[in-house]
Amino acid sequence: MNEPDPAIVVQARAKINLTLEVLGKRPDGYHELRSIIMPVSLADTITLTPTLSQIALTLTFGQGVDVARIGAMDRNLAFRAAKLIKQRYGVKGGVRIHIHKRIPIGGGLGGGSADAAGVLHGLNRLWGLCLPVGILEDLGAELGSDIPALVHGGAVLMEGRGERVRSLFQMGGQPPRRGFWVVIANPGIMCSTPEVFKRWRGDLTNSPDILHNMTSFIQACQVDAAAEGLYNGLQQAVFEGYPQVAQTARLLKEAGCLGVLLSGSGASVFGLVRDEAHGEAVSRRLGTGLWHVVAQTCPMV
Ligand code: C5P
């Protein structure tokens with residue numbers, strides 16, 4: 001008897017936005033963005049097992065991940081990513097996707113996008129498609145804004161709606177020796193992305209300095225400078241519309257983070273800390289009332 005094909009396991013990392021500039025509204029109604037995105041060590045675990053022809057998806061949930069927030073299976077980004085790559089490349093085989101979710105759902109940490117990116121990478125291997133990363137990024141862009149950045153991996157500059165991504169270190173300079181430590185917290189509410197963009201009232205602070213400064217702080221692993229340079233053009237709109245998010249940011253600051261920022265369009269907030277021990281000290285001060293995790297950014301693919 002033939003041995004069954006072995007399963008493939010992929011770690012699908014969450015992301016944070018260290019900078020997010022909203023450059024203006026586009027004719028198609030979307031907003032033009034420029035953002036530095038870094039994956040973090042907080043990750044969902046995806047197991048891909050080959051089947052004869054069908055695609056199936058099952059989920060389990062880590063502590064603090066709200067099961068009620070999971071939408072319909074056929075709208076799940078991981079499921080849609082599998083369907084897209086199977087159809088596009090005429091793959092006969094199927095796959096059973098199991099995702100153990102640790103990334104808060106709808107929290108501005110790109111959890112659903114990370115899962116889709118992980119499925120694209122994993123199925124490329126499982127089905128022996130040998131597609132280059134650029135093609136996987138293009139497939140990801142058909143499904144959602146954050147997916148190309150997470151398919152790319154490492155610290156990236158994301159532009160447009162999210163479809164243009166490149167390694168942050170392609171623009172010159174040395175890649176960093178290590179990432180930053182962060183404490184990520186989630187207030188347990190969801191921010192509506194369309195509503196947040198609707199609340200956004202122009203952004204006079206944008207400047208090339210925001211991007212260039214943060215790029216060099218990341219390269220030089222200068223956490224104090226990076227804490228000063230954090231920027232999210234959606235933060236004010238989110239803090240005004242969702243006071244619990246503003247309160248979570250205050251708690252992180254009071255617990256000793258060097259600098260605190262909203263991730264994406266919320267509702268998660270992260271704080272930069274000096275090192276792991278500092279992160280653990282912040283975590284102890286936050287106590288058990290607020291979902292949070294100590295993690296490390298992953299600047300390299
Ligand atoms: O990318 P996603 O489909 O999650 O975006 C949801 C909504 O957020 C969009 O329909 C749009 O109203 C708003 N949005 C935007 N500009 C972006 C991304 C999202 O206006 N770059």
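The values are calculated or read from the model by the stated rules, or taken from the named source; none is laboratory data. Fair warning: this is a prediction, and the values are worked out from it, not measured in the lab. Neighbour counts are summed over all protein chains in view; Cβ atoms, including those assigned to glycine, are modelled from backbone coordinates with ideal geometry. Heads up: the accessible areas ignore ligands, DNA and RNA and are worked out on the full protein's heavy atoms, side chains in. Shrake-Rupley method; radii C 1.70, N 1.55, O 1.52, S 1.80 Å.
Summarising the amide proton neighbourhood of Met300: residues at separation of 5 or more, or on other chains, whose placed amide H is nearer than 5 Å comprise Ala155. Ratio of Rg to Rh for region 181-296: 0.97 [Cα atoms; Kirkwood radius as inverse mean 1/r over pairs].
Sequence-ordered 3J(HN,Hα) estimates for region 13-27 from the Karplus curve with 6.51, -1.76 and 1.60 and θ = phi - 60° stand at 7, 5, 10, 10, 9, 7, 9, 8, 9, 9, 8, x, 8, 9, x Hz, glycine and proline given as x. Once the C-beta distance of Arg201 and Arg96 is scaled by a Förster radius of 45 Å, the resulting FRET efficiency is 0.45 to the nearest 0.05. Counting only Cβ charges, +1 for Lys and Arg and -1 for Asp and Glu, the dipole size of region 181-296 around its Cα centre is about 300 debye. Semi-axes of the equivalent ellipsoid of the chain are 31, 21, 19 Å, computed as sqrt(5λ) over the eigenvalues of the C-alpha gyration tensor in descending order. Please give the net charge around Ala249, taking every other residue with its beta carbon less than 15 angstrom from that of Ala249, where Lys and Arg add +1 and Asp and Glu add -1. Here the charged neighbours net out to +1.
Loop-located GluC sites (Glu not before Pro) in region 131-235 (DSSP state other than H, G, I, E, B) with a sparse environment of at most 16 neighbouring Cβ atoms within 10 Å: Glu163. Any idea how far apart Gln54 and Val67 come out in nm if each label point goes 7 Å out from Cα toward Cβ? Roughly 2.2 nm, to one decimal.
For the pair region 239-271 / region 80-123, the C-alpha centres are spaced 29 Å from each other. Per residue, the Cα convex hull of region 8-167 amounts to 111 Å³. Here's the list of lysines a cross-link from Lys198 could span, going by alpha-carbon distance under 19 Å and ignoring same-chain residues fewer than 8 apart: Lys25. Among residues other than Ser263 with Cβ under 14 Å from its Cβ, the summed charge is +1 (Lys and Arg +1, Asp and Glu -1). Amide hydrogen proximity for Gly259: with H placed 1.01 Å from N in the peptide plane, the residues at 5 or more positions away or on another chain lying under 5 Å are Leu272. Across region 181-296, the relative contact order, built from alpha-carbon pairs under 8 Å that are at least six residues apart, equals 43 percent. Surface analysis of the chain yields an accessible area of 45 Å² per residue, using protein heavy atoms and a 1.4 Å probe.
In percent, rounded to a whole number, the relative contact order of region 8-167 is 28, using alpha-carbon pairs under 8 Å and six or more apart. Using the Cβ-Cβ distance between Leu129 and Ser41 with R0 set to 22 Å, the FRET efficiency works out to roughly 0.20. A straight chain from Ala277 to Asp74 at 0.36 nm per residue would run longer than the Cα-Cα distance by 68.9 nm.
Its Cα centre serving as origin, the chain has a Cβ charge dipole (Lys and Arg +1, Asp and Glu -1) of approximately 380 debye. Per residue, the average separation of C-alpha pairs within less than 8 Å and at least 6 apart gives region 34-98 a relative contact order of 57 percent. With K and R counted +1 and D and E -1, the other residues having a Cβ less than 15 Å from that of Ile46 yield a net charge of +4. In terms of packing, defined here as the mean over residues of other Cβ atoms within 10 angstrom, the peptides 36-42, 7-13 line up highest first as 36-42, 7-13. Across the accessible surface of the chain, with the other protein chains kept in place and a 1.4 Å probe, carbon and sulfur atoms take up 51 percent. Amide hydrogen proximity for Gly108: with H placed 1.01 Å from N in the peptide plane, the residues at 5 or more positions away or on another chain lying under 5 Å are Ala267, Ser268. Residue-wise HN-Hα couplings along region 33-49, as the Karplus relation 6.51 cos²θ - 1.76 cosθ + 1.60 with θ = phi - 60° gives them from phi, are 10, 9, 8, 9, 10, 10, x, 10, 6, 5, 8, 7, 10, 10, 10, 10, 10 Hz; Gly and Pro carry x.
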